[in-house]
Amino acid sequence: MVASLGFRVRIPLLEMPSFRKDGVIFWTFIIMIVISVALSYGIMVLTAKSPKVYNAQPESDIDAPMAEEGVPVAVLFGTKRIKGPNVVWYGDIGTQAIRR
C-alpha cells in the first residue's frame, strides 16, 4: 500500500473551469466562436483573388481531326504535322481481356 504525504499537486491548466449557474462561460465561448468565424470570413473575402476569365475560341479556329465525305485524304511518307486532317482510319483499336 502506498502512503500519502498529505498534499496534492494542482495543475491549473488541466483543471476544468467551474460553470456558473448563469452560464457566463458558455455564452462567452459562443460569442468568441461567432467573432472568430466572422473575422475568418472577412479575411477570406478581402484576400480572395478573382478568377481569370479566358475567351473561348470559336469552333472554326480549332484544328481537330475530322471525318467528312468528299474531302481529299492526304497521303504522307515519314513524319509531318498536318493541321486539320481528314481521318478515315486510326490504328487497330480494340479491347483485350485481362487474364490472371
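Of note:
- For the stretch 95-100, backbone phi angles converted through the Karplus equation (6.51, -1.76, 1.60; θ = phi - 60°) give residue-by-residue couplings of 10, 9, 5, 8, 10, 10 Hz, Gly and Pro being listed as x.
- Taking the average, over residues, of other Cβ atoms within 10 Å as the packing measure, peptides 32-40, 72-80, 86-94 rank 32-40, 86-94, 72-80 from highest down.
- Using θ = phi - 60° in the Karplus curve 6.51 cos²θ - 1.76 cosθ + 1.60, the 3J(HN,Hα) couplings for the stretch 29-43 round to 4, 4, 5, 5, 5, 4, 5, 5, 5, 5, 5, 4, 5, x, 5 Hz; x is entered for Gly and Pro.
- Measuring r between the beta carbons of Lys52 and Lys83 and using R0 = 30 Å, the FRET efficiency lands at 0.60.
Bear in mind that the values in this text are calculations on the coordinates, not laboratory data. What you are looking at is a predicted structure, and each value in this text was computed from that prediction instead of being measured. As a convention, Cβ positions derive from the backbone with ideal geometry for all residues, glycine included, and neighbour counts pool all protein chains shown.
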